[in-house]
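Working notes, structure below.
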Amino acid sequence: MTLRVARSESHFLLFVRNVLRGGPQDQLFTHLAGKNPLYPRIGPTAMGILQRSLARGCVLALARHGGWRRETRPVGDPEHAVDGRLWDRHPDVHLTFRSWSYQILVWSWTRPQTDAAPFPRPPTRPGLGDRLVAFLVARALIEARLPQGLAAVAHEPLAQLYAAGRAPLVDVDWPAWLDTGGDILLEGLGESLGRSWAEAERWKLGHTEPLALAEVGEAQQALLRGLLQALEHRDRLDLADFLLHAGQLVVADPAAPPVLEPVDLRASSSLRDRMRARAACAAFTDAVTFLADAMHGPRSTRFFDDTYDAAQARLRRWERFGDDRARVFRDASARLADI
Amino acid sequence: MSRCYRISVSESLARHVHVDDGLQTKLELLDILPSERMAELLGARLAERGYEAKEGSVWEKTLESGVVVRVDVATGTVDISLTEEAALELERKRSTTVADVDPRTVEEALRKKVKQQLEEEADVATEALRVEVTRKLEEALSGVRKELDDAVNRATADALKEKAKSLGEVTEITEDAETGAVTIRVRVG
């Protein structure tokens, strides 16, 4: 069956597909940096294609970004652990798309993302699908090397997390976000978040300008402090596993670790600026050290405790990270705090 | 026939600049005794090293280079800073020859340019002073760090001895001057 849409609509739908799939970087750049025409409303045929693209594309994206992993995680409460892939563990959860998804995509398409202007604020309760779309747009902006556009998605906490300190910081109500499906997205997107944080960490370690480094590091500190506090309060520190995944990418071999501190800071900069940069650089190593210290909980869970299964699953995931690797990060934190 | 003008301007800039640099760190003091007593012991060891008690729980020392070290023995916070001042006096003259234009306009533009160059030179001189301040601070750091580590180790050893006395009869105290290790034998009960 052939469906007919207007030329501008077909270009828009191709852009949406690239965002959902993570299309070629040069194409994403061309789409996002330009001001592309689109009628104020797309026709019913194009809207039908858009809806089907979002439904299928977002499910695929969730699977590809980490949801495919078979894991044991608490569902509902810490004592109820379920084994399976993301959709096995949460069979009753639906990806809901409200008008916000459409607004984000049209806004990203029709406005050049070289300007740092935020797009419309999300509704009080965006659907899970909306949140995923905001995340995928943020990912596209970073892949296309258009960080100025990150201001547009800064309202969505998941986009903030993906940006790993490189987006303008917005106050996040982490408990409310976790309560409205954010926990499911953290489970499903862990791999992708981990890769992004690893890339941000490599950027920090190679950067020479102290104030730029301090800005990103301090944003990371604020972001992680809020998130980890909220997760600890809900007894769901397992949702921060993306940081451990990032740690595995940054320190591939604990026996031969890279230097986890910025060594080439501009020598002519003030000591104050360099120390500020070093302290801010510890945002990631401190967070990993915090998660390492929190493992005493699962280790001391007895076989007759209700949370035993979830604790064992967390210990198995920890084993992939390892105490040796944790020691590397702990030592780095101590050195970064030292003068 | 065109008219030529020779325009000369002279501008000067006098400024008092004040630059500083510094950093903050924290001392790790074990809670062997109550925190107030640990602070007193640390204060005593700092006094031996030339520190003077200032307001509250702060002890301060100024090195020959002008570096100031402030230690808050209650919190363990250490501030190390250096401030320097300089009087800048800069002067610059520029001339140019113009024809067939209003000389006043050219003079105004030339004067503006010279003032801008003086500002840039002042910024360069200020930054050079700041770089020098940073260099002196970095030079002083390792010595300050060693001195503070030493004071903390001595205060810790003093605290251990005091604690040991409260546990029983101290029969032997051995101190290794090289490593700083302290061995205390206590007869309990």
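The values are calculated or read from the model by the stated rules, or taken from the named source; none is laboratory data. No experiment lies behind these values; they were computed from the predicted model shown. For neighbour counting, all protein chains shown are included, and Cβ atoms are generated from backbone atoms with ideal geometry for every residue, glycine included.
Could you tell me which of the residues A:Ser101, A:Ser108 is modelled with pLDDT under 85, within 24 Å of A:Arg125 (Cβ to Cβ) and hydroxyl-bearing (Ser, Thr, Tyr)? Testing whether each residue is modelled with pLDDT under 85, within 24 Å of A:Arg125 (Cβ to Cβ) and hydroxyl-bearing (Ser, Thr, Tyr) leaves just A:Ser108.
For segment B:29-75, a residue qualifies if it is of a type in the set (A, V, I, L, M, F, W, C), without any contact (Cβ under 8 Å) to a residue 60 or more places away in the chain and in a loop (DSSP other than H, G, I, E, B), and the qualifying residues are B:Val73, B:Ala74. Residues of segment B:8-32 that are of a type in the set (A, V, I, L, M) and surrounded by fewer than 18 Cβ atoms within 10 Å (Cβ to Cβ): B:Leu13, B:Ala14, B:Val17, B:Leu27, B:Leu30. Of all residues in segment A:304-339 being touching a residue at least 60 places away in the same chain (Cβ under 8 Å) and aromatic (Phe, Trp, Tyr), which is nearest to the other protein chains (Cβ to nearest Cβ)? Per the stated criteria, the residue is A:Phe329. When B:Val9, B:Val98, B:Val78 are screened for being among the aliphatic types (A, V, I, L, M), touching a residue at least 40 places away in the same chain (Cβ under 8 Å), in a strand (DSSP E or B) and within 14 Å of another protein chain (Cβ to nearest Cβ), only B:Val78 passes.
I need the full set of residues from segment A:14-37 which are outside any helix (DSSP H, G or I) and either polar (S, T, N, Q) or surrounded by 17 or more Cβ atoms within 10 Å (Cβ to Cβ) (or both), in order please.
If the condition is that a residue be outside any helix (DSSP H, G or I) and either polar (S, T, N, Q) or surrounded by 17 or more Cβ atoms within 10 Å (Cβ to Cβ) (or both), then A:Gly23, A:Asn36 are the ones that fit.
Select from segment A:52-107 the residues that are acidic (Asp, Glu) and surrounded by fewer than 16 Cβ atoms within 10 Å (Cβ to Cβ) and list them in ascending order. Listed by number, the residues that qualify are A:Asp77, A:Glu79, A:Asp83, A:Asp88, A:Asp92. When we screen A:Thr289, A:Thr301, A:Thr285 for residues that are more than 14 Å from chain B (Cβ to nearest Cβ) and buried (at least 21 other Cβ atoms within 10 Å of the Cβ), the only hit is A:Thr285. Here A:Gln148 passes the criteria (1) modelled with pLDDT of 85 or more; (2) under 24 Å from A:Glu218 (Cα atoms); (3) polar (S, T, N, Q) except the one numbered (1).
Name the single residue that is farthest from the other protein chains (Cβ to nearest Cβ) among those in segment B:120-156 being within 12 Å of the chain's Cα centre (by Cα) and aliphatic (A, V, I, L, M). My answer is B:Ala140.
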